[in-house]
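Only one structure is covered here, and it is reproduced in the block below.
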Amino acid sequence: MVEPEERPSVAGQRLGAPESMGISTLEPGQRPPTMPPGRQVSIRVQMLDDTQEVFEQRASGKVLFDLVCAHLNLIEGDYFGLEYQDQRKMIVWLDLLKPIFKQIRRPKNTILRFVVKFFPPDHTQLLEELTRYLFALQIKHDLACGRLTCNESSAALLVSHIVQSEIGDFDEVQCKQHLLNNKYIPEQDTLMDKIIEYHRKHIGQTPAESDYQLLEIARRLEMYGVRLYPAKDREGTKLSLAVAHSGVLVFQGHTKINAFNWSKVRKLSFKRKRFLIKLRPDLNSNCQDTLEFMMGSRDCCKVFWKICVEYHAFFRLFEEPKPKPKPVLFTRGSSFRFSGRTQRQVIDYVKDSEFKKVPFERFPTDKAYFIAKELLTTERTYLKDLEVITVSFQKSVGKDEALPDSLRNLIFANFEPVYKFHETFLKDVEQRLAQWEGRSNAHIKGDYQRIGDVMLKNIQGLKLLTANFQKHSEALLELERMCRSSRKLEGLCRDFELQKVCYLPLNIFFLRPLHRLMHYKQILERLCKHYPPTHDDFRDSRAALADVSEMVVQLHGTLIKMENFQKLLELKKDLTGIDNLALPGREFIRLGCLSKLSGKGLQQRMFFLFYFSSFDFEVEYVCFCIRESEDEWGVPHSFTLFGQRQSVVVAASSASEMEKWVEDIKMAIELADKCNGPSAEILSSSFTDKSPEESSADQESEDDLSASRTSLERQTPHRGNTTVHVCWHRNTSVSMVDFSVALENQLSGNLLRKFKNSNGWQKLWVVFTNFSLFFYKTHQDEYPLASLPLLGYSITIPSESENIHKDYVFKLHFKSHVYYFRSESEYTFERWMEVIRSATCSSSHIRSLSRKEPHVY
């Protein structure tokens, strides 16, 4: 520890701030007023360990705060503050710039509490073990008073780390006695066994390690570090406002329903009892320009406005750019910039990311050229996907005796001709693009500025492989049947899915040829729409569109059935105890998070909606009718499902989510009534709910899911980024229509990527498919470096305040995660925006019905 006299005189200076503190960080240069001489007053301060200390002083709040930090020998005092209860019975922060006598009328009778004021998004930014210990004490207080709400498992795990730090390694008698003598959470008695079970696993963990784990778990909770201020919206709905490092938060009960990042907020103000949030213009948002919330009083509005300003000022200091671009090691008392990563990661990132400052090549501006280039980039990805079956899978499994000869021939004999055909197709497209760009045959370049003739020639050849496409679906069905009868073959397939080259579920690759036909159809539709009828390439493009549309019509029914079958296979791995899910008569409709109303309140659950024409296994709920129940139960966005023997009340996270669920459930009920008739005794539709312990998921890369360690994770390794896993952590849902659209809207190409706090742009090969972005260094790479699931993300255009002075840039953001991507042209920018919206904006079942009626051109 550094002695008190070595501490910088102003806490803000350690963060590179001007010599001021508190709210004055927005107004550099202010100083506490000179205090007149007079007698000193004894002021009591309660510490985080519940001890009280008396300080003699008469000056500003800053002097008192520095005395408290000196008493604790605390270096990182920036995160802390002093709070007290004023004469209006409101908890307020001591203003460090004002004299204490002007804030507290009776200092002798007032107890100030030294507590954590600013909670960073990443506790690894805390440099001192003492600071982490004080944060751990704050978490302990918040748990005890019920401010830090969480589920039972998280609460038990948090308490187990507290017990480990206080009494050391597990001893059953000592642990039980300690829990009987000390109450850490209100419902501790009912969780005693869980706490003991978790504590048993912490043997050898030091108190410092326990504090670290306590903060790691707590920071992933929605209520971490926030204080709720009661409010109402314009409709009178009871809400709560809070503020965090990212911006202003809106809670309904203990569920966060909205967040306004600082980048979105243009102005915060209050008028009497109204708290106003004025948003920046956003073309991709349906939010009002100004949001209004009613609070209890003008004083309450003022207190909340002030803490918002202080939060914004404090965390803005972290994000101010350094005067020098070179990274520096963080040292005690030095100035550093907040990055959202540990300092070691910051240095490695800058060192390993010497971004090439090579602009995108500007080739022909004709839209047809960029359509042709999209054909080229997606064809490269498609050929790589075919190699997963024809090369990687064949090499890994093809020669094993567990794979019967009949199945081996069915798979590889029908995929290899398709793969060889597309090798030639890709070469034709590459040659035409090279000619178009003028890199060869420049003297006759004009004769090659077309792509319809290349597509017409190859699609006519592709029609000869229609029989092979039918066999692909048969191969998938047969592989599943063989895996059910052979554990060895099932294990081989599971092991292959764990390889990096198999970046999607294996069975998705079997459907790639059918999806590729949809891609060709979309490309040709855009090309025909772009060309005038008099264009030389229009006739060939139109003829190619007619041919591929005919193939789509022939195979459309197969595609719909196989997409449903593939999704059932994927869900079978996530739903334990349901082995016969992927059988005829089962249709997946929607999965996602809903809160189930029980005696313990609202509890988050994963729900799975299916339609069964028949079944031979138990389902959780059989739904015969549905009714909205907000007024009945007083729970926002709630509805009741009625079955033959029971009913259940569930609540969605938002009105739009509730609308999706209600729409799809009603559709399933209507479909069942239509198919089965009023006298049918078979069940209409199943609505299966699974707790986190009954579901499975894995680890996600390049996102906040990578830090998650919940019971959603499987006991054995499995492919990451499962839909169930992502929906759980993003608190959203996805339908079969969304899944199909995300697969049919595949896109590939080079993008420049920039993180929120990085200075340079990194060129990457990016593939969009299956609700995710997959990142490669180049298109020749065998497997992706990282992935980013997009469910729950928003896509917008950067605002002026973000200082992204580049063309064709779009922004992806979810909570505190922000990514910027830069495309090469207006066309590619619009295409990336379009396909990513297909993964971030859910579709209705009306679109599902339209998919069953393909058009012939």
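The values are calculated or read from the model by the stated rules, or taken from the named source; none is laboratory data. No experiment lies behind these values; they were computed from the predicted model shown. Please note: Cβ atoms are built from the backbone with ideal geometry, for glycine as well, and neighbour counts cover all protein chains shown.
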Practice item. Identify the single condition in (1) assigned to a helix (DSSP H, G or I); (2) out of contact with any Pro (no Cβ under 7 Å at 6 or more places or on another chain); (3) modelled with pLDDT under 80 that Phe65 does not satisfy, given that it satisfies every other one. Key: (3)
Check your understanding: Out of curiosity, is Lys596 within 30 Å of Leu426 (Cβ to Cβ) and outside the structural domain of Glu834 (by TED's automatic domain parsing)?
Key -> no
Practice item. Hey, could you check region 162-217 for residues that are among the small types (Gly, Ala, Ser) and part of a loop (DSSP other than H, G, I, E, B) and say which is surrounded by the fewest Cβ atoms within 10 Å (Cβ to Cβ)? Key: Gly204
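Residue-by-condition table, conditions (1) under 27 Å from Arg494 (Cβ atoms); (2) surrounded by fewer than 21 Cβ atoms within 10 Å (Cβ to Cβ); (3) modelled with pLDDT of 80 or more; (4) of a type outside the set (Gly, Ala, Ser):
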| residue | (1), (2), (3), (4) |
| --- | --- |
| Lys572 | yes, yes, yes, yes |
| Pro584 | yes, yes, no, yes |
| Leu602 | no, yes, yes, yes |
| Phe610 | yes, no, yes, yes |
| Ser613 | no, yes, no, no |
**Study point:** Ala259 being in contact with a helix residue (DSSP H, G or I) (Cβ under 9 Å, 6 or more places away or on another chain), outside any loop (DSSP other than H, G, I, E, B), surrounded by fewer than 20 Cβ atoms within 10 Å (Cβ to Cβ) and outside the structural domain of Asn803 (by TED's automatic domain parsing)
**Key:** no
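Quick grid of which residues meet (1) modelled with pLDDT under 90; (2) in a helix (DSSP H, G or I); (3) touching a strand residue (DSSP E or B) at 6+ places or on another chain (Cβ under 6 Å); (4) not hydrophobic (A, V, I, L, M, F, W, C):
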{"position": "Ser711", "(1), (2), (3), (4)": "yes, no, no, yes"}
{"position": "Gln715", "(1), (2), (3), (4)": "yes, no, no, yes"}
{"position": "Asp738", "(1), (2), (3), (4)": "yes, yes, no, yes"}
{"position": "Leu752", "(1), (2), (3), (4)": "no, no, yes, no"}
{"position": "Leu764", "(1), (2), (3), (4)": "no, no, yes, no"}
Exercise for review: Go over the candidates Leu148, Leu158 one by one and state the one that is closer than 25 Å to Phe80 by Cβ, touching a Cys at 6+ places or on another chain (Cβ under 9 Å) and either surrounded by 19 or more Cβ atoms within 10 Å (Cβ to Cβ) or of a type outside the set (Val, Ile, Thr) (or both).
Suggested key: Leu158
Check your understanding: If you go through region 62-101 one residue at a time, how many are within 22 Å of Phe315 (Cβ to Cβ) and touching a strand residue (DSSP E or B) at 6+ places or on another chain (Cβ under 7 Å)?
Key -> 12
Check your understanding: Taking interchain pairs and intrachain pairs at least six residues apart, which have beta carbon atoms under 8 angstrom, with the first residue in region 210-236 and closer than 21 Å to Gln164 by Cα and the second acidic (Asp, Glu) and not in a loop (DSSP other than H, G, I, E, B)?
Key -> Asp211/Glu129; Arg220/Asp704
Check your understanding: So which pairs qualify, if the first residue must be in region 736-752 and within 24 Å of Tyr808 (Cβ to Cβ), the second must be part of a helix (DSSP H, G or I) and of a type in the set (Asp, Glu), the Cβ gap must be under 8 Å, and the two must be at least 6 apart or on different chains?
Key -> Asn745/Glu834; Leu747/Glu374; Gly749/Glu374
Practice item. Report, by residue number, each residue of region 523-539 that is surrounded by fewer than 19 Cβ atoms within 10 Å (Cβ to Cβ), part of a helix (DSSP H, G or I) and touching a residue at least 40 places away in the same chain (Cβ under 8 Å). Key: Arg526, His530, Phe538, Arg539
Review point. Do you know which residues across region 478-494 are of a type in the set (Ser, Thr, Tyr) and touching a residue at least 40 places away in the same chain (Cβ under 8 Å)?
Key: Ser486
Practice item. Among what's in region 110-131 and is among the hydroxyl-bearing types (Ser, Thr, Tyr) and closer than 26 Å to Ile91 by Cβ, pick the residue that is surrounded by the fewest Cβ atoms within 10 Å (Cβ to Cβ). Key: Thr110
Point to revise | All positions within region 252-286 that are within 18 Å of Tyr311 (Cα to Cα) and of a type in the set (A, V, I, L, M, F, W, C) | key: Ala259, Phe260, Trp262, Val265, Leu268, Phe270, Phe275, Leu276, Ile277, Leu279
Point to revise | Lone qualifier among Gly792, Gly760 - being modelled with pLDDT under 90 and in contact with a helix residue (DSSP H, G or I) (Cβ under 6 Å, 6 or more places away or on another chain) | key: Gly792
